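Participant: So that we are looking at the same thing, I have put the structure below in structure tokens.
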Amino acid sequence: MAARPLPAPASRAPYRNWDEFRLHAGRRLVDTNPQATFTGPVPEPLLAIPVLEVELNADGSVRNILVQRQPSQARDTVQLAIEAVRRAAPFGDVSHLPRPWKFSEVFLFRDDRRFKPRALDQ
């Protein structure tokens, strides 16, 4: 089976501030990880809620990923979230945004280990 090409980041940044960027990043996570994400209502209870801080380079590529919250159960969801971020990168030029070029994302995992970025659930 041929690999599906990833959507390219926008050549011009579609965001003016970090709040708009987080929404863009959440959409990009879903677009580039359709097999690992869900849309619609978030169930209760959730399986796991890992939180990652993603540090970017000026071009939107990932410089570093820090785990801010490790769930006590389903610890494998942290690695699933990290892999999803790496697949979604680059996120587009962030050089026009204030430094540090970092954002945090909360990953809401269901029992089937599919996630929804919290940025899209607000």
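Participant: Enter the angle in degrees (range 0 to 90, nearest 10) between the Cα long axis of helix 76-88 and the first principal axis of the Cα atoms of the chain, meaning the one along which they spread out most.
Facilitator: 30
Participant: 222 nm [θ] for the chain, helices only, -39500 (n - 2.57) per DSSP H run of 4+, per residue, to 500?
Facilitator: Taking each H run of at least 4 residues, the total per residue is -7500 deg cm²/dmol.
Participant: Calculate how steeply helix 18-32 sits against the longest principal axis of the alpha-carbon atoms of the chain, using the helix alpha-carbon long axis, and give the answer as 0 to 90 degrees to the nearest 10.
Facilitator: Result, in degrees: 60.
Participant: How large is the dipole of the chain about the Cα centre if only Lys and Arg carry +1 and Asp and Glu carry -1, each at its Cβ, rounded to the nearest 20 debye?
Facilitator: Taking the Cα centre of the chain as origin, the dipole is about 140 debye.
Participant: By what distance, in whole Å, do the Cα atoms of the chain stretch along each of the three principal axes, largest value first?
Facilitator: Here the Cα extents, ordered largest to smallest, are 39, 36, 24 Å.
Where a number appears in this text, it was derived from the coordinates with a stated rule and is not lab data. Bear in mind that the values here come from a model prediction, so they are computed numbers and not experimental data. Positions of Cβ are generated from backbone atoms using ideal geometry, with glycine treated the same way; all protein chains shown enter the neighbour counts.
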